[in-house]
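For reference, the structure discussed in these notes is given below.
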2 protein chains.
Amino acid sequence: MASGISRRALLAGGATLPVAGGLTRDGASTVTPAKPTAMHTTGPAATHTEPTAVSARAVEPFDGAHQAGIATEPQAHAVFLGLDLRPGSDKEAIVRLLQLLTDDARRLTQGRPALADTEPELAADPARLTITFGFGPGLFASAGVKSPVAALPAFSIDRLDRRWSGGDLLVQVCADDPVTVAHALRMVVKDARSFARVRWTQRGFRRSAHAHSPGTTQRNLMGQLDGTVNPADLDRAVWISEGPEWLRGGTTLVLRRIRMNLETWDAADRVAREFTIGRRLDTGAPLTGRAERDEPDFSRLNRLGFPVIPEYAHIRRARVNDPGQRILRRPYNYDEGVAADGSSDSGLIFVSYQADIGRQFIPVQRRLAEGDLLNEWITPVGSAVFAVPPGCAPGGWIGDRLLA
Amino acid sequence: MASGISRRALLAGGATLPVAGGLTRDGASTVTPAKPTAMHTTGPAATHTEPTAVSARAVEPFDGAHQAGIATEPQAHAVFLGLDLRPGSDKEAIVRLLQLLTDDARRLTQGRPALADTEPELAADPARLTITFGFGPGLFASAGVKSPVAALPAFSIDRLDRRWSGGDLLVQVCADDPVTVAHALRMVVKDARSFARVRWTQRGFRRSAHAHSPGTTQRNLMGQLDGTVNPADLDRAVWISEGPEWLRGGTTLVLRRIRMNLETWDAADRVAREFTIGRRLDTGAPLTGRAERDEPDFSRLNRLGFPVIPEYAHIRRARVNDPGQRILRRPYNYDEGVAADGSSDSGLIFVSYQADIGRQFIPVQRRLAEGDLLNEWITPVGSAVFAVPPGCAPGGWIGDRLLA
């Protein structure tokens, strides 16, 4: 199980998957095991012709070279939990915490109750549950280890709120069933309680996986296809292969909470929106192309001699030409409430994984902060970074190569 | 289309359903159209052997004798929107509001964008979207019509918060996809904005429909099977057949926000919990039986001469012997946040439909308030009542028989 790709291949072909199949739209049934290829390959934009039947009992492996929940086909529901270690926590306390939470994650993701699970019946349906751990700078400080990650530099567009930022330990909980997520979150929080305090929780959702073919790009609440360009080669772009031995096979995670001003976005017409993004809203095709996965032609000019994809269009500013340097985006929508006047607190929990934040994430974010037409409608209100250790062997625990 | 039953039968057999089927656990595919019977028939407790494949394109009919979203097999996600009419709203304003929102609901539930939909792409996947309207006492007052519903009497256990209570107009939005719910909510709120202010929104979730056989009882966050005893005969128990002509074919809705104290619940052992409820936690069987749907034997005594199902067990206090007088429960879980100390704001959005609140709901609620062991762990913090008009004909609008 050397990569997320083979993890998926194993799952698709293995005996642990109780149900894998779908029905074509005309009602004829077809068994359609997930293809043994990476989810993020570039292919034609998928349509809804073959929804995947998702079973409540479907299981994602926990043990492996990489943590699950990164290359995993995104589940419909996520909660991101930011924990702060209690003052005075030392390496021994961190080890105990990680052993405890790893044990919870290993059991719950496989559809077994956690130790002393108070609602064991709620553990029976993992629904592709993954629980992924990330270490923030504060955890390394407490453990007396040099941190491989540091808070992002300040960007001019940021309006960061402390209650959505930072954190010593990230626990990312994803599943296709919201009840599964609620139960797993509760077990993790209870077991962490003696060691850490909850700094924040961020709940997100995407189009249900069962509603779409694997690899279909999700739409965010602005209506855009979000996540079209993801790296194909995770071994280069995502998994760390150099630096400290304990982090090899791991990655880094950037979480940015991005509020959308849907009020003013809705007031903009479609031409302005497509101009802003550089893509068609309906197909997701670049303004110079016809299909979502067409390569944008950034040099093409219109009749007046201006670029068809504007200089400050989002896709031009976000562009990374070397596929090996692309970040893996796995975003979720959030929609928290509606004020009396009808305005909503909605946006995107932007989550990216990359081997090197400084080389891959920051240059893009800097270009976007300096000039992206989309900044008119979006505001980063939270920011956090974590080192994501590799997966562990059966009987191991997340972080053991660093802290054991 | 005289009842929710035939509505479902029509859907199961009709050409509007793009995908209907499931896969058995061993991988053999079977097409399993929804049975042309009511969802709430008493049958053996369903297991997870035949998850239903749910398509993002699946459609619930909008026009009909009854509003959808009541007899409809519960979708995975719901948001309940409580609106207050702007001061001075008269009958004409209410009519315009209802015409507008009916038009939105008719389009969106059928997978078409609302008029002037700013994110039309998000309307393409209705995922069994239903939008259901209820009229609160304040709407009737503004329209100059005698209200058929009134706020519930105060119960001793209530700790009601105004921000979860009351409301002139309820809009219940349910779908199997959270993105669909977010988009429909936004369109409704935007179109209502000139006429009404948002009083509250309550978001809830259940086990995903695709993960369970139709009719499977959901578990709430306490781990209990919740909603085992529902009426079989909706024509008697739910749909109004007497009183004002305009309300016939309609019903009434009681919404109670019930906070769960999971901290102390988790501290109770399983014997105490099962004693409290009167059912086994694992199977949902009554303490006197072996399967979820077994009839409880309230007269059976244990060796010591005490009732096996205690006098103040929840199922004894909630019992309604006449099936025609039972309320139709369609509850959702809520899980809003986690405090720094790990305690959660979780509970149940209890929603019931019944032909007569005074005759069906209040006696049960009174018995529960007077003595239900479960009260130790639950607190009603919100309460609202609505009259739910019947469905409307193509071209009609919800409430037209009252206000046209």
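The values are calculated or read from the model by the stated rules, or taken from the named source; none is laboratory data. Predicted model, so just to flag it, every value in this text is computed and none were measured. Don't worry about glycine lacking a Cβ; one is built from the backbone with ideal geometry, like all the others, and counts go over all protein chains shown.
Can you spot a residue in the range A:248-256 that is out of contact with any strand residue (DSSP E or B) (no Cβ under 6 Å at 6 or more places or on another chain) and either within 29 Å of A:Val145 (Cα to Cα) or away from chain B (no Cβ under 14 Å) (or both)? The answer is yes, given that some residue of the range A:248-256 is out of contact with any strand residue (DSSP E or B) (no Cβ under 6 Å at 6 or more places or on another chain) and either within 29 Å of A:Val145 (Cα to Cα) or away from chain B (no Cβ under 14 Å) (or both). Scanning the range A:235-287 for residues that are among the basic types (Lys, Arg) and outside any strand (DSSP E or B) turns up A:Arg236, A:Arg248, A:Arg270, A:Arg273, A:Arg280.
Just to verify a result, which residue in the range A:226-240, among those that are more than 15 Å from the chain's Cα centre (by Cα) and of a type outside the set (Lys, Arg), is modelled with the lowest pLDDT? Across the range A:226-240, the extreme among qualifying residues is A:Ala232.
The residue of the range A:339-392 that is surrounded by the most Cβ atoms within 10 Å (Cβ to Cβ), among those that are among the hydroxyl-bearing types (Ser, Thr, Tyr) and within 27 Å of A:Pro137 (Cα to Cα), is A:Tyr353. Checking each residue in the range A:169-204 for being assigned to a strand (DSSP E or B), more than 7 Å from every other protein chain (Cβ to nearest Cβ) and either aromatic (Phe, Trp, Tyr) or more than 17 Å from the chain's Cα centre (by Cα) (or both) picks out A:Ala196, A:Arg199, A:Trp200. Scanning the range A:82-109 for residues that are under 23 Å from the mean Cα position of the chain (by Cα) and either free of Cβ contacts under 8 Å to residues at least 60 places away in the same chain or part of a helix (DSSP H, G or I) (or both) turns up A:Leu98, A:Leu101, A:Thr102, A:Asp103, A:Asp104, A:Ala105, A:Arg106, A:Arg107, A:Leu108, A:Thr109.
From A:Ala369, A:Ala384, which residue is more than 14 Å from chain B (Cβ to nearest Cβ) and either of a type in the set (Asp, Glu) or part of a strand (DSSP E or B) (or both)? Outline the logic, then answer.
Working: A:Ala369 fails: either of a type in the set (Asp, Glu) or part of a strand (DSSP E or B) (or both).
Answer to the selection: A:Ala384.
For A:Asp63, the conditions (1) outside any loop (DSSP other than H, G, I, E, B); (2) charged (D, E, K, R); (3) over 27 Å from A:Arg256 (Cβ atoms); (4) touching a helix residue (DSSP H, G or I) at 6+ places or on another chain (Cβ under 8 Å) all hold with the exception of (1). Among the candidates B:Asp266, B:Asp226, the residue that is free of Cβ contacts under 8 Å to residues at least 24 places away in the same chain and either closer than 20 Å to A:Thr118 by Cα or surrounded by 20 or more Cβ atoms within 10 Å (Cβ to Cβ) (or both) is uniquely B:Asp266.
Taken over the range A:320-347, the criterion of being touching a residue at least 40 places away in the same chain (Cβ under 8 Å), assigned to a loop (DSSP other than H, G, I, E, B) and more than 11 Å from chain B (Cβ to nearest Cβ) is satisfied by A:Val320, A:Arg326, A:Ile327, A:Arg330, A:Pro331. Residues B:Arg259, B:Arg219: which one is surrounded by fewer than 22 Cβ atoms within 10 Å (Cβ to Cβ) and charged (D, E, K, R)? Going through B:Arg259, B:Arg219 in turn, just one is surrounded by fewer than 22 Cβ atoms within 10 Å (Cβ to Cβ) and charged (D, E, K, R): B:Arg259.
Being more than 20 Å from A:Arg257 (Cα to Cα) and either within 14 Å of another protein chain (Cβ to nearest Cβ) or of a type in the set (Phe, Trp, Tyr) (or both), is that true of even one residue in the range A:139-158? Talk me through it step by step, then tell me what you get.
Taking the range A:139-158 first, the residues more than 20 Å from A:Arg257 (Cα to Cα) are A:139-148.
Subsequent filtering for residues that are either within 14 Å of another protein chain (Cβ to nearest Cβ) or of a type in the set (Phe, Trp, Tyr) (or both) retains A:140.
Within the range A:139-158, one or more residues are more than 20 Å from A:Arg257 (Cα to Cα) and either within 14 Å of another protein chain (Cβ to nearest Cβ) or of a type in the set (Phe, Trp, Tyr) (or both).
To keep it simple, each residue is scored yes or no on (1) small (Gly, Ala, Ser); (2) exposed (fewer than 15 other Cβ atoms within 10 Å of the Cβ); (3) modelled with pLDDT of 95 or more.
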| residue | (1), (2), (3) |
| --- | --- |
| B:Arg8 | no, no, no |
| B:Ala28 | yes, yes, no |
| B:Met39 | no, no, no |
| B:Thr52 | no, no, no |
| B:Glu60 | no, no, yes |
| B:Gly64 | yes, no, yes |
| B:Glu73 | no, no, no |
| B:Arg96 | no, yes, yes |
| B:Arg106 | no, no, yes |
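Assess whether B:Ala291 counts as being within 14 Å of another protein chain (Cβ to nearest Cβ), part of a loop (DSSP other than H, G, I, E, B) and surrounded by fewer than 17 Cβ atoms within 10 Å (Cβ to Cβ).
On the way: within 14 Å of another protein chain (Cβ to nearest Cβ): no; part of a loop (DSSP other than H, G, I, E, B): yes; surrounded by fewer than 17 Cβ atoms within 10 Å (Cβ to Cβ): yes.
It is false that B:Ala291 is within 14 Å of another protein chain (Cβ to nearest Cβ), part of a loop (DSSP other than H, G, I, E, B) and surrounded by fewer than 17 Cβ atoms within 10 Å (Cβ to Cβ).
Which residues, counting only those in the range A:207-221, are modelled with pLDDT of 90 or more and either touching a His at 6+ places or on another chain (Cβ under 7 Å) or more than 7 Å from chain B (Cβ to nearest Cβ) (or both)?
Correct list: A:Asn220 only.
Taking each residue of the range B:110-130 that is more than 10 Å from chain A (Cβ to nearest Cβ) and looking for partners that are basic (Lys, Arg) and part of a helix (DSSP H, G or I) with beta-carbon atoms closer than 9 Å, six or more apart or interchain, yields B:Arg112/B:Arg106; B:Pro113/B:Arg107; B:Ala114/B:Arg107; B:Ala114/B:Lys190; B:Leu115/B:Arg107.
On the given criteria, is B:Pro153 touching an Asp or Glu at 6+ places or on another chain (Cβ under 9 Å) and in contact (Cβ under 8 Å) with a residue 60 or more places away in the chain? Against the criterion (touching an Asp or Glu at 6+ places or on another chain (Cβ under 9 Å) and in contact (Cβ under 8 Å) with a residue 60 or more places away in the chain), B:Pro153 does not qualify.
If a residue has to be of a type outside the set (Gly, Ala, Ser) and more than 22 Å from A:Thr201 (Cα to Cα) to count, how many in the range A:74-95 make the cut? Before you say what the answer is, go through the steps one by one.
First, the residues of the range A:74-95 that are of a type outside the set (Gly, Ala, Ser): A:74-75, A:77, A:79-81, A:83-87, A:90-92, A:94-95.
When the remaining residues are screened for being more than 22 Å from A:Thr201 (Cα to Cα), the result is A:90-92, A:95.
Residues meeting the conditions: 4.
Taking (1) touching a helix residue (DSSP H, G or I) at 6+ places or on another chain (Cβ under 7 Å); (2) buried (at least 22 other Cβ atoms within 10 Å of the Cβ); (3) at pLDDT 95 or above; (4) not β-branched (Val, Ile, Thr) in turn, B:Phe155 satisfies each apart from (2).
Scanning the range B:154-168 for residues that are more than 22 Å from B:Pro74 (Cβ to Cβ) and outside any loop (DSSP other than H, G, I, E, B) returns B:Arg162, B:Arg163.
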